[in-house]
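Just below is one structure, and these are the notes that go with it.
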Amino acid sequence: MKIKFLTHYCAVFVLLFTATTAFSQSPPGAPSVPDTLNCNFTLDSQSNICDEEFTQSTDQVYLDSFEPVVFNVYFWEFRLADGNLDPNATPMDFEKESLDVVAALNIFYNPYNVYFKYYGINTIEDNTLYGLYNGIFNYINNYPTPSEVIVPNSFNIYVSASINYGTAPNSNPKVVISRGKFKGQEYDTLHEVGHALGLLHTHEFYTGTITGEECEHVTRDSQNSEYNANVAGDRVTDTAASSPLVQESLGFDDVDSECNYIGTGKDCDDVNQYQIFPNDVHNVMGYTYYNCKDRITVGQAIRMREAIEIDCNDKLTPAIRTDGFASLYEPYKGDYFEVGPQPAIPPLYQPGFSYNFISCDCLATNDCPLPLPYLDTGFTYNEQIGTFIHKEETNYGIITHPNHTAIRIMELEELQPWRCYDNNNRKPNGGTIIKFNDNVLNTNVTITAQDSVSINNENLINNLEPGLYNIIEQFEDGDTEEQLIIKENN
Ligand SMILES: [Zn+2]
């Protein structure tokens, strides 16, 4: 049995108190770094893109009607055969950078009901692959032991050491990104994942000559005989016909440092001047400055959701979790304490979600020494008490499931929290009671040390005079747990 004793006032304090550390980091994209991403995505006439199966809709209501999907995402670091990197390779903590990308993927794609479950990291030690530029996917697809280079039920993100580019096949959950683009520039990985989810560049076929296909025309009037936005370019009608706006190697520099379009280009018919809007300059699927990239349009999001449903190459469906949201309520690392010594690593949950860990009480007589399964409702909970972790929290070590709480993942918009963890096998061996004599949090306090008998006394709270207290429990392994309570009249 756990004692329920926090009042509303106190709970608000607890939530504010734990949330203050969450907002210290600026979101990705803050520095004004020119995008030199050389995205090797090409769509040739042989590519199977199922053009005729897309609706080209730009209807937000339709977009909102798509059911949630959860993709596994697994990360591979290319290394030399001896396990090392070359001296010029960008140094990084690979797990940390992978988790940064998981967070960015979720923050960016969750609004479209697309979720990513961090599924792990590994290395591929292979001298040929390490130095490869073209043909990486071919090499991987023909690897003698596929399990050493592909996780079949997952997105596979390959982080290449020696080259500076990104690439992805169309509608196929494989992405290559170079180390320099993987580290700290999450929008480049979002771009490649966009390709893997069926999105083309906003400027695709802008010359009109790559495959003999007609370039996308400027007009957005579907009655105009020149109109082809629905079948040309990126096949999305709410992105403008456009050239690559910023791409040094191609001679384009049509965006200023404030993300304004300053170009004067015309479409490939050389008649109509481009009409470029903020959605184009800021588009993740365009070539633009890194700090400008922050969105896709409704039309692109619908194309992405339809691409997942159509699954033109039969590659995306296997990477979708069949257990859906349940996987997001599982730690990616660490262990729950059940009984005995404290595990070395606590259960860690992936970043990129806002978590509310809500006070809970298991209905079972001996409580729940391990969390209840997802969808098991055998517990009560109090929404006023808990710990909040913001989706942009960057101290990943604190994203853990506290004892006596259930988990609510805010982005999933589920009505009740899940997985009550209510373990009472761990008893404090001492502690402290701090009484706030003025019933506010100031320094006028009375401190009383507690031994193992008194701190474990079932009537500890009942025996207190009314007032505001901080009860600190001290555990054998050095851990402490604090609970702020307002004791009212019994
Ligand atoms: Zn690209």
**Prompt:** In this structure, does Ala406 turn out to be modelled with pLDDT of 95 or more, under 18 Å from Tyr336 (Cβ atoms) and in contact with a strand residue (DSSP E or B) (Cβ under 8 Å, 6 or more places away or on another chain)?
**Reply:** yes
**Request:** Would you be able to say whether some residue in region 45-57 is out of contact with any Ser or Thr (no Cβ under 6 Å at 6 or more places or on another chain), in the same structural domain as Arg303 (by TED's automatic domain parsing) and within 24 Å of Tyr332 (Cβ to Cβ)?
**Result:** no
**Fill in**
Selection from region 412-439 of residues at negative phi and of a type in the set (Lys, Arg) yields Arg426, Lys427, Lys435
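If only one of Asn110, Asn88, Asn72 is assigned to a helix (DSSP H, G or I) and either at pLDDT 50 or above or buried (at least 18 other Cβ atoms within 10 Å of the Cβ) (or both), which one is it?
Details: Asn88 fails: assigned to a helix (DSSP H, G or I); Asn72 fails: assigned to a helix (DSSP H, G or I).
One residue alone meets the criteria, Asn110.
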**Request:** Would you mind finding the one in Asp314, Asp269 that is surrounded by fewer than 17 Cβ atoms within 10 Å (Cβ to Cβ) and touching a residue at least 40 places away in the same chain (Cβ under 8 Å)?
**Result:** Asp269
**Asked** Before we move on, is Val12 modelled with pLDDT of 70 or more and under 24 Å from Glu392 (Cα atoms)?
**Response** no
**Fill in**
The condition from (1) among the hydrophobic types (A, V, I, L, M, F, W, C); (2) part of a loop (DSSP other than H, G, I, E, B); (3) within 28 Å of the chain's Cα centre (by Cα); (4) within 16 Å of the ligand (Cβ to nearest atom) that Phe205 misses is numbered (3)
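Name the residue, out of Phe252, Phe277, that is of a type in the set (Phe, Trp, Tyr) and either under 28 Å from Tyr349 (Cα atoms) or buried (at least 16 other Cβ atoms within 10 Å of the Cβ) (or both).
Numbers: Phe277 fails: either under 28 Å from Tyr349 (Cα atoms) or buried (at least 16 other Cβ atoms within 10 Å of the Cβ) (or both).
The match here is Phe252.
Does region 328-337 hold any residues that are crowded, with 17+ Cβ neighbours inside 10 Å and assigned to a loop (DSSP other than H, G, I, E, B), and which are they? Can you show your working first?
The initial filter retains those residues of region 328-337 that are crowded, with 17+ Cβ neighbours inside 10 Å, namely 328-329, 331-332, 337.
The answer is Pro331, Tyr332, Phe337.
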**Complete:** Out of (1) of a type outside the set (S, T, N, Q); (2) within 16 Å of the ligand (Cβ to nearest atom); (3) at pLDDT below 90, the one Gly212 does not meet is (2)
**Request:** Could you tell me which numbered condition Ile433 fails, if it satisfies all but one of (1) aliphatic (A, V, I, L, M); (2) closer than 30 Å to Glu67 by Cβ; (3) in a strand (DSSP E or B)?
**Result:** (2)
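Based on what the data block shows, is Phe325 in a loop (DSSP other than H, G, I, E, B) and either free of Cβ contacts under 8 Å to residues at least 24 places away in the same chain or buried (at least 16 other Cβ atoms within 10 Å of the Cβ) (or both)? Don't jump to the end; show me each part of the working.
Working: in a loop (DSSP other than H, G, I, E, B): no; either free of Cβ contacts under 8 Å to residues at least 24 places away in the same chain or buried (at least 16 other Cβ atoms within 10 Å of the Cβ) (or both): yes.
For Phe325, the condition - in a loop (DSSP other than H, G, I, E, B) and either free of Cβ contacts under 8 Å to residues at least 24 places away in the same chain or buried (at least 16 other Cβ atoms within 10 Å of the Cβ) (or both) - is not met.
To keep it simple, each residue is scored yes or no on (1) of a type outside the set (A, V, I, L, M, F, W, C); (2) within 14 Å of the ligand (Cβ to nearest atom); (3) assigned by TED's automatic domain parsing to the domain that holds Ile308; (4) surrounded by fewer than 21 Cβ atoms within 10 Å (Cβ to Cβ).
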{"residue": "Pro152", "(1), (2), (3), (4)": "yes, no, yes, yes"}
{"residue": "Asn170", "(1), (2), (3), (4)": "yes, yes, yes, no"}
{"residue": "Ile177", "(1), (2), (3), (4)": "no, yes, yes, no"}
{"residue": "Lys183", "(1), (2), (3), (4)": "yes, no, yes, yes"}
{"residue": "Asp188", "(1), (2), (3), (4)": "yes, yes, yes, no"}
{"residue": "Gly194", "(1), (2), (3), (4)": "yes, yes, yes, no"}
{"residue": "Thr219", "(1), (2), (3), (4)": "yes, no, no, yes"}
{"residue": "Asn224", "(1), (2), (3), (4)": "yes, no, no, yes"}
{"residue": "Tyr227", "(1), (2), (3), (4)": "yes, no, no, yes"}
**Message:** Regarding region 368-376, can at least one residue be identified that is part of a loop (DSSP other than H, G, I, E, B), within 18 Å of Ile107 (Cβ to Cβ) and of a type outside the set (S, T, N, Q)?
**Reply:** no
**Prompt:** Can you find a residue in region 362-373 that is surrounded by fewer than 16 Cβ atoms within 10 Å (Cβ to Cβ), in contact with a Leu (Cβ under 9 Å, 6 or more places away or on another chain) and either at pLDDT below 95 or farther than 24 Å from Tyr119 by Cα (or both)?
**Reply:** yes
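The values are calculated or read from the model by the stated rules, or taken from the named source; none is laboratory data. Given the structure is predicted, the values throughout are model-derived calculations rather than measurements. Cβ: placed from backbone, ideal geometry, glycine included. Neighbour counts: every protein chain shown.
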